[in-house]
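Working notes for the structure below.
The values are calculated or read from the model by the stated rules, or taken from the named source; none is laboratory data. Treat the numbers as computed from the prediction; the structure is a model and nothing was measured. Counting neighbours? That spans all protein chains shown, and the Cβs are built from the backbone with ideal geometry, glycine included. All accessible areas refer to the heavy atoms of the entire protein, side chains included, with ligands and DNA or RNA removed. Shrake-Rupley method; radii C 1.70, N 1.55, O 1.52, S 1.80 Å.
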Amino acid sequence: MKRPAIAVTGLGMITPVGTTTDTTWDGVLAGRSPARTVPELDGCAVDFACTVSGIDLDDAVGGRTAFRMGRYVKFAVLAAREAVADAGLDPARWDGARVAVVVGTSSGGSAGLTEQAVALERRGPEATSPSGILLTIPNMPAAEIAIRMKATGPSLAPCTACSSGVTALSVARDLLTLGRCDIAIAGATESIVFPVAMTGLARSGAAAPRDGDPARLCRPFAADRAGLVMGEGAAVMVLERAGEARARGAAPRALITGVGETTDAHHPTSPHPSGDIARAAVDAALRDAGWRAEDVGHVNAHGTATPQGDATEAALIGRAYPHRPPVTAPKGVLGHCMGAAGAIETGLTILTLQHGLIPPIANLDAPAPWFDIDCVTKTPRELPVRRAVSHSFGFGGQNAVIALQAP
């Protein structure tokens, strides 16, 4: 079946460096991490993270329903609101039955579940929230967006660990291709900066150890990289069939031209050391897009700053794109936003296509000398880019690559 071109007509973001798309873009271009000590993590081995700040989430969400939403749900609602407005759409005027919502998350409301468990243990059943279950289940971001947008089409909540954002965009694209909706609100959200999750991250060995200024700890592709720093946030996009978007006068931000997804089937946390299965996801995305490797003008790398993960990805990039396109890795600035990372980084790749600027990798002067990749460092690189890819790799061996093109 020939796929129709799928356009991204709206984009909304909330991240540790900005509460909108524009402020996030400015923060990522600045190349400085906001990582800091988090008081709520006092006593944890990992007591620092990149967190969303400068906004009262309850006030921003508005109404009388914020009490029933976990932090990650509020992020998604705000990002979706911005995306729909950016697309020039009015939910009061669309056919809600033809609008789908696909919003992924990795850990869902695990923070809310933990809070309720502590309340139950310490103070008994009456101390728990009547909305406790709503604070935990992972489909609530999609559900709350659907309620607010009067979207009565399919509502889905993919979970593929750190690849959840790209998986959500891929599913939304398929729904549009199959004619099951005319508009898809798609993306991902995450907020797990709380003691249980951060302790688990430390125990897994994936986190950067506390060593000086938290803002300097995440160093993707550096020779002395030591692990990831946690982030949080959301990105949501409005997708439409490109022909129909243009017919209503919309100006697409970008086109989704290909997606490739594979599973390492190797280990719950470690990538396959050969990188071959992740490379297969790259190849599948390029085939889907109808591109050759040399057509790729920019790579947004997963780049977590973990020793094994970055080594595997750097080798993959060197093999898959021998013409050495410029590489960035936003987690140096944003931290690892887990399930939301793929959606956020897709959004940033779209902004690179629009503005001809590739953000620098924070805390990196030059990549490890044994990595044959062209990393953008210190300042943004001005470069007209027509075609780009974004990588997302997750626990469980999840690999997802999305190919994006300027309209």
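Things worth noting here:
- In the set Ala168, Ala197, only one residue is farther than 15 Å from Ala242 by Cβ, part of a helix (DSSP H, G or I) and open to solvent by 10 Å² or more (accessible area, probe 1.4 Å); that residue is Ala197.
- Within segment 262-275, residues that are under 12 Å from Gln308 (Cβ atoms) and open to solvent by less than 90 Å² (accessible area, probe 1.4 Å) reach partners that are among the polar types (S, T, N, Q) and outside any loop (DSSP other than H, G, I, E, B) with beta carbons closer than 7 Å, at six or more positions or on different chains, in the pairs Thr269/Ser204; Ser270/Gln308; Pro271/Gln308; Pro271/Thr312; Pro273/Thr312; Gly275/Thr312.
- Cβ-Cβ contacts under 9 Å between residues 6 or more apart (or on different chains), taken from a first residue in segment 115-136 that is in a helix (DSSP H, G or I) to a second residue that is basic (Lys, Arg) and open to solvent by 40 Å² or more (accessible area, probe 1.4 Å), are listed as Leu134/Arg68; Leu135/Arg68.
- Candidates are the residues of segment 38-58 that are touching a residue at least 60 places away in the same chain (Cβ under 8 Å) and in contact with a Lys or Arg (Cβ under 9 Å, 6 or more places away or on another chain); the one that is surrounded by the fewest Cβ atoms within 10 Å (Cβ to Cβ) is Ala45.
- Segment 373-406: number of residues that are at pLDDT below 95 and over 21 Å from the mean Cα position of the chain (by Cα): 0
- Selection status of Thr257, open to solvent by 20 Å² or more (accessible area, probe 1.4 Å) and touching a strand residue (DSSP E or B) at 6+ places or on another chain (Cβ under 6 Å): yes
- Pairs linking a residue in segment 221-232 that is over 18 Å from Pro195 (Cα atoms) to a residue that is part of a strand (DSSP E or B) and not aliphatic (A, V, I, L, M), with Cβ atoms under 7 Å and 6 or more positions apart or on different chains, are Phe221/Cys375.
- Among residues of segment 13-31, those that are surrounded by fewer than 24 Cβ atoms within 10 Å (Cβ to Cβ) and closer than 27 Å to Ser204 by Cβ, counted: 0
- Only one of the numbered conditions (1) open to solvent by less than 40 Å² (accessible area, probe 1.4 Å); (2) farther than 24 Å from His336 by Cα; (3) within 23 Å of the chain's Cα centre (by Cα); (4) not basic (Lys, Arg) is violated by Ser155, and that is (1).
- Residues that are in a loop (DSSP other than H, G, I, E, B), touching a strand residue (DSSP E or B) at 6+ places or on another chain (Cβ under 9 Å), open to solvent by 10 Å² or more (accessible area, probe 1.4 Å) and of a type outside the set (D, E, K, R) within segment 202-216 comprise just one, Ala206.
- Listed by first and then second residue, the pairs with beta-carbon distance under 7 Å, at least 6 apart or on different chains, first residue in segment 293-308 and within 16 Å of Gly332 (Cα to Cα) and open to solvent by less than 30 Å² (accessible area, probe 1.4 Å), second aromatic (Phe, Trp, Tyr) and at pLDDT 95 or above, are Val299/Tyr321; His302/Phe393; Gly303/Phe221.
- Residue, farthest from the chain's Cα centre (by Cα), within segment 107-131, restricted to residues that are closer than 21 Å to Gly339 by Cβ and open to solvent by less than 30 Å² (accessible area, probe 1.4 Å): Gly112
- Matching residues, segment 363-388, being in a loop (DSSP other than H, G, I, E, B), under 28 Å from Gly258 (Cα atoms), open to solvent by less than 90 Å² (accessible area, probe 1.4 Å) and in contact with a helix residue (DSSP H, G or I) (Cβ under 8 Å, 6 or more places away or on another chain): Phe371, Ile373, Pro380, Val385
- Cβ-Cβ under 7 Å pairs, at least 6 apart or on other chains, segment 353-367 side within 15 Å of Arg387 (Cβ to Cβ), far side part of a loop (DSSP other than H, G, I, E, B) and open to solvent by less than 20 Å² (accessible area, probe 1.4 Å): Leu353/Val385; Leu353/Ala406; Gly356/Val385; Ile358/His298; Ile358/Val376
- Residues in segment 59-93 that are loosely packed, with under 14 Cβ neighbours inside 10 Å and either among the charged types (D, E, K, R) or in contact (Cβ under 8 Å) with a residue 40 or more places away in the chain (or both): Asp59, Arg64, Phe67, Ala85, Asp90, Ala92, Arg93.
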